[in-house]
Structures are given as structure tokens and as C-alpha cells.
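The values are calculated or read from the model by the stated rules, or taken from the named source; none is laboratory data. On a predicted model such as this, the values are computed, not experimentally measured, just so you know. Don't worry about glycine lacking a Cβ; one is built from the backbone with ideal geometry, like all the others, and counts go over all protein chains shown.
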Amino acid sequence: MKNLILLIFVAVLLTSCEKDNDNNIDNNSGVIIKGKIPGMKNKGESLSEAKKIFVIKIHWGTLIYSFVDIVDGSFIHSSETGIVTALVFLDENDQYIGTLSPQGLNLLPLCNLTDGDSTIIDLEALTPVGTSIIPTHDPLGNEIIITEAEINSLKEIDGYFESLAKNIDADNDGILDVLTNKELYIINRFHISAAGQWGLDNLDPVINDSALDSVLYAMHVQGGNWFSYPNSVELSGPAGSPYKEYSTICIESNGNGGFFSIIFAKEGFDSPVPFESGTYTITIDDNTYTQDYYNIDVEHSLLFVIPTLHTNSEGKLVSISLEYELPDGTTINPANILSDVSIGLVDASRNSLHDSPRLINKLTEGDDCCVEGLFFYT
């Protein structure tokens, strides 16, 4: 047991939710989200120009897009329990107007709902405040069971969804990238290299006081089905104060078109220096793309998943229990934050000995949520 290092994969940079069932995106079953746009006092006011809603969901690190038409000032969309959803309002030319933002939160965590998959969320009339679209009926704390502390925690990362809304036309050709399979998106990537020590039977686990000082960062860029393996990739930015020494860690692609994946860092494989928020330019072969990037504050968005190993009389591992804590030591019920955890046992050289399937915590009557992006070593 002393030679084992426990690796827990947790997704914390993005809060996303997941269900194993197929998505019922285009029919009016499951969780219903609806609302209406009242007549504006002055013609030409931003929200009166909205013609469709660009729906963004995250499913275990993969973005899922769909569109909902606004018909006669009303819309209806179906989702499912366990999917975090952002609603982005667009005009007839697919230009960004704003994002649904109840209580300043740019997403709906459809994780812990009053009626599960039968929940109906009627936002009622919507009002624009800048680029924030405010519902008359606030589902947070009503249909969506969530505490003020959880809302504030989610606000630390919802800037990512705001960035996604700005990145819907990365090649700046006036056509939504998702319509031509040219979508690009950025994933925050970080891990902690020295989190602490797992618990063992009657010995309590310990989180290092210096855990947050060992955070390493990278930027992960993924592309849609239009892309093939690139011959060259360059990153510059952010606009106004570009950094000159970005390195490409790896490029993955199926080589025949389908997708690609690139990891950038400032120093080495992962860097103690995070990327700054701002607009970045990505040059792929001879094509130039722009991406808005949001730097999530790890200290305020991190959730520690703390393991304790339990052995039998022979000293063999028989089970692992998990506790959930914020960096300030507050114990949290992660019903609206986390559902999936992958546990790996590796040797002292971090060679894999065993990887568990994704463990799903049935926290609220079977409703699941997940987060993605953090490696937690002990």
C-alpha cells in the first residue's frame, strides 16, 4: 500500500452535468425550459431582435450544441436532468445579443430539480440588462434546488460560458462555426501535483497547506469535424499584451478530418503560470481564428475530492470512501457540482496499475452532475 499513489480525476474547471440516456433535445419531453420576450418599448432594442437561442451543453468535456427558434416572441426547449445548460440569444444574422443570467449566473445547473425529468421551468418574461438576459421568474432556489453558497461557487466558473458565447464564430466569416463543423473551443486545464495524503483506515486524510501553490496550468483547444491533422499551429495573445513563449505540448487528430486537440502551456508540459483572460489568436496552417478565453480562479472554483482507503485484515484494499471539501475546509454536498469521479491506482513512477470506471454518486434521487478538468494527486 505504501508504494501506491492514488490518482483521482475530477472535472472542476467546467461544471457540467451528465446522464447516460440519449438527449431529447428537439422534442418537448423531459425537463422543459420556456419563456417569452415581451414587446419592447422601442423598436430595435436588443432583445426584440432575438430570433433564435443557441443552446450550449457540456457532456463530460464535450460541448453539445442545438438551436431553438423564437416564434411569436416565445420559445420552448427540452433538456434532461444532469445537464448544465446555457442559453445564448442571437439575432437573425446569428450575432450575439446576450446570455440568460438569473442571479448573475450564466448557466442553468439542471442537476437537483424539484420534479426530476418532469420539471417545467417557465422563465416567463425576459428582460435585457446589457448582455445579461434576466427572467421574471427565477428558477434558482425554486425548480432548481440550490443554495446561495453553491450559486456563488458556480459564478466563479460561469465566465467560461460567457466566453463560449463569444466564440461561436472563431473564423469570423459571419457563419456560426457549429453549422459547418468548424467549431473551436477552449478548455481550462490544470492539475495539483502535491495535494496531500489520502486517509487509510483510522488515519485521516491530510490536504497540504501548500496544495494551491502546486497548481499547474495549460490551455486545451479542441476543434470540430471539419479539421484534420494540422501541419502547424501557433498561439498568440491575449490581445493587447501578448505572451511570446507559448509551447505546443501535443496535437491529436484522427488524421482524416473529424477533430483535433491541442494543448498549450507557457512553460514545459504544464506551467505554474496561468493564461490570462482575453482574446487569443490561433493560427492553424494558413487559417486564423480568434477565441475569447476566461481564466478561472482555481482557488475559488476548486473542489477537493478526498479519498480514504479501507483495508481488510490482510491489508488488502477493499473500498474507498470520498469526502468533498472546498479549499477553506468547508464540507460540501456536491449535488449541484459533481457526479463523476475516476480513481486510478499507480505506482511510485505513476505507471497505471488500475483505473476504475467512472463512479457516479447518486446524490439526489438519481440525479447526476459532473465537473471536469482537475487531476488530484496524493
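Per-structure values
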quantity: Check on S66, outside any strand (DSSP E or B) and modelled with pLDDT of 50 or more; calculated: no
quantity: Subset tally (residues that are in contact with a helix residue (DSSP H, G or I) (Cβ under 8 Å, 6 or more places away or on another chain), assigned to a strand (DSSP E or B) and closer than 16 Å to V305 by Cβ) for the range 184-222; calculated: 4
quantity: Extreme residue, modelled with the lowest pLDDT, among residues of the range 249-270 that are surrounded by 15 or more Cβ atoms within 10 Å (Cβ to Cβ) and farther than 23 Å from N181 by Cα; calculated: D270
quantity: Elements of type strands (runs of 3 or more DSSP E) contained in the range 88-144, each with 1 or more residues being within 26 Å of G174 (Cα to Cα) and of a type in the set (A, V, I, L, M); calculated: 96-100, 120-129, 132-135
quantity: Residue within the range 135-143 that is among the hydroxyl-bearing types (S, T, Y), over 20 Å from the mean Cα position of the chain (by Cα) and under 24 Å from S101 (Cα atoms) present; calculated: yes
quantity: Residues of the range 308-363 satisfying the condition of being of a type in the set (D, E, K, R) and at pLDDT below 70; calculated: D340, D347, R350, D355, R358, K362
quantity: Single match in Y217, Y185, Y246 (criterion: surrounded by 17 or more Cβ atoms within 10 Å (Cβ to Cβ), of a type outside the set (S, T, N, Q) and free of Cβ contacts under 8 Å to residues at least 24 places away in the same chain); calculated: Y246
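This table checks each residue for (1) modelled with pLDDT of 85 or more; (2) in contact with a Leu (Cβ under 8 Å, 6 or more places away or on another chain); (3) of a type outside the set (A, V, I, L, M, F, W, C).
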site: I120; (1), (2), (3): yes, no, no
site: G130; (1), (2), (3): yes, no, yes
site: I134; (1), (2), (3): yes, yes, no
site: L140; (1), (2), (3): yes, yes, no
site: L154; (1), (2), (3): no, yes, no
site: V178; (1), (2), (3): no, no, no
site: R189; (1), (2), (3): no, yes, yes
site: I207; (1), (2), (3): yes, no, no
